[in-house]
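A quick write-up on the structure given underneath.
The values are calculated or read from the model by the stated rules, or taken from the named source; none is laboratory data. The shown structure was predicted, so the numbers you read here are calculated from the model rather than taken from an experiment. Cβ: placed from backbone, ideal geometry, glycine included. Neighbour counts: every protein chain shown. Just so you know, the surface numbers come from the protein's heavy atoms only, side chains and all, with ligands and any DNA or RNA stripped out. Shrake-Rupley method; radii C 1.70, N 1.55, O 1.52, S 1.80 Å.
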Amino acid sequence: MGGEYLQQFLDETTWYNHIVLGYLLPANLWYPLPHFLQTWLRNYLAGTLLYLISGFLWCFYIYYLKRNVYVPKDAIPTNKAMLLQIYVAMKAMPWYCALPSLSEYMIENGWTKCYDRVSEVGWLPHLLYLSLYLVFVEFGIYWMHRELHDIKPLYKYLHATHHIYNKQNTLSPFADWEYIEFDAFVSGSGSMSVQNNLENDLAYSLTKVMEKIHPGGNCKDVSLAFHPVDGILQAVPHVIALFIIPTHFTTHVGLLFLEAVWTANIHDCIHGKLWPVMGAGYHTIHHTTYRHNYGHYTIWMDWMLGTLRDPSDEEGKKVM
């Protein structure tokens, strides 16, 4: 790709930076920064706002305006649980934003197969490429997610703590970007003491998980820290696809935006019953069985590989 062509990508990302940063920050705070840092800052601020606003509006709708309609009262997560989820996500957010910033850098430098305008390839090839992109992402995220369960060190050190949210009253739209690591365990004698009261299911589940991960650990000063590697790994297929499949840049950015909204939706515990979408009903089962429903947007990968469990079957068992 020539310099003039690549300049189109740079112009587009610069425009995005000016839109977001220009409205949110004084120019003297961001304009002198190198382009890459401007891009990271834009992704960080936009990601934070998207996470907080979409999570708040969805929680307000399903837990307050529609209380007892979608979620039973006893299944609504406590404010304390949701604030903890927000706290953890905010600590991880700077690291999450590094991946899309890096992918934009690679696109701007011509290392990928991205194209700038649909007219360059035509609508039919564009839709074909988009379909291939989505299939690749579905395949990649399924296997990445499944291996985070099947490879014991990856589960133990990266993914296990996300599964402290294993009950309906600990899952919320704010639980989508939570990947926690607790780093205050020190070797020595004594048992783990639980400071929080056990009415908080989240804290109780957390304690049990950490007892398994660090047997004999002495939690003298348990502090929350972030381990965003888990979330980054599950987003990597979006970036790998850029090197294999011709991808419209603006569409790629839009799909990353959709990704953030989608991950909030699948943690609200509401079964939308929209086949073949892998909605919250399926993902809630994943958080309770740990061995089913690894898929992303659809149920196809789980169906083909025998890991699908249908929420309708679970409802039938409860009725019986």
Restraint check, 80/156; 66/273; 156/273; 91/156; 73/273, Cα-Cα greater than 28 Å: 156/273
Long-range amide H partners of residue 248 with built H, under 5 Å: 115
For region 88-103, Karplus couplings with θ = phi - 60° (6.51, -1.76, 1.60), whole Hz, Gly/Pro x: 5, 4, 5, 6, 8, 3, x, 7, 4, 6, 5, 5, x, 5, 5, 5
Carbon + sulfur, % of accessible area of region 1-75 - ligands and nucleic acids excluded, 1.4 Å: 68
Probe 1.4 Å, protein heavy atoms only - accessible area per residue of region 24-110 in square angstrom: 53
Whole-Hz ³J(HN,Hα) from phi, Karplus 6.51 cos²θ - 1.76 cosθ + 1.60, for region 56-70, glycine and proline x: 5, 5, 5, 5, 4, 6, 7, 9, 10, 5, 10, 4, 6, 8, 9
FRET efficiency, 1/(1 + (r/R0)^6) with R0 22 Å, evaluated for residue 152 and residue 105 via beta carbons: 0.05
Length gained when the stretch residue 275-residue 113 is fully extended (0.36 nm per residue, less Cα-Cα span): 55.1 nm
